[in-house]
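Everything below concerns the one structure shown next.
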Amino acid sequence: MKTAVIVFPGSNCDRDLAVAFEQVTGRPAAMVWHKESALPDGVGLIGLPGGFSYGDYLRSGAMAARSPIIRAVVEAANRGVPVLGICNGFQVLTETGLLPGALMRNAGLNFVSRPVALTVENSQSLFTSGYARGETIRIPVAHHDGNYQADEATLDRLESEGRVAFRYAEEVNGSARRIAGVLNDAGNVLGMMPHPERAIEPAHGSTDGRRLFEGLLEAVA
């Protein structure tokens, strides 16, 4: 599978995500600069990495969501190409409208950086087929604006449609209903604040993130 990682000024997890993609697919990921207007031909998976795109000016992800390459990302997502947004990438996905809700400042206004326990809420999606529903996994977080919020009707809809992919097992940042990751209605776009690309090797302290990438590869192969 051909993969692409979108790189913005201020991205700092782009290489981590590219390494994860390459380890699972066996092929180097294409690193696509934000000023490009098209994705490489044949890309079957797009990653929006963590970091501080454009310095997080205005709102986190707001400027990145209006960069030239994002139009191609949105078009690909609407065609059914899987798109994974991690941390700042999740923020970008909400700013584009590919995912509902918004990522606000953490409760307490503290930067949170530590491994956290997540509950797998949906094991039937492209991104979560490597897990069992109800399973607890450990994935690191590192964010200041990870407090997921949406109106009650949207939250109810996400819950009823099985679009909550991951939930924090404990209070982390004030997110509504402890939501850590959500899917779009078609199931081919996932935004999550925790960093699965930082949990793919034993040296990371956990390999629970690897199953996300392996399950995704198996699901779309």
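Quick notes
- Exclusive hit being outside any helix (DSSP H, G or I) and either open to solvent by less than 10 Å² (accessible area, probe 1.4 Å) or among the acidic types (Asp, Glu) (or both), set VAL116, VAL92: VAL116
- Among the residues of this structure, ALA76 does not count as one that is at negative phi, open to solvent by less than 20 Å² (accessible area, probe 1.4 Å) and in a loop (DSSP other than H, G, I, E, B).
- Within region 142-189, considering residues that are in contact with an Asp or Glu (Cβ under 8 Å, 6 or more places away or on another chain) and small (Gly, Ala, Ser), the one least open to solvent (accessible area, probe 1.4 Å): ALA165
- When residues in region 32-66 are screened for being part of a loop (DSSP other than H, G, I, E, B) and touching a Leu at 6+ places or on another chain (Cβ under 9 Å), 5 of them pass.
- Among the residues examined, SER129 does not qualify as in contact (Cβ under 8 Å) with a residue 12 or more places away in the chain, more than 16 Å from ALA20 (Cα to Cα), surrounded by fewer than 22 Cβ atoms within 10 Å (Cβ to Cβ) and touching a Pro at 6+ places or on another chain (Cβ under 8 Å).
The values are calculated or read from the model by the stated rules, or taken from the named source; none is laboratory data. Computed from a predicted structure; not experimentally measured. For neighbour counting, all protein chains shown are included, and Cβ atoms are generated from backbone atoms with ideal geometry for every residue, glycine included. Calculation scope for accessible area: heavy atoms of the full protein, side chains included, ligands and nucleic acids excluded. Shrake-Rupley method; radii C 1.70, N 1.55, O 1.52, S 1.80 Å.
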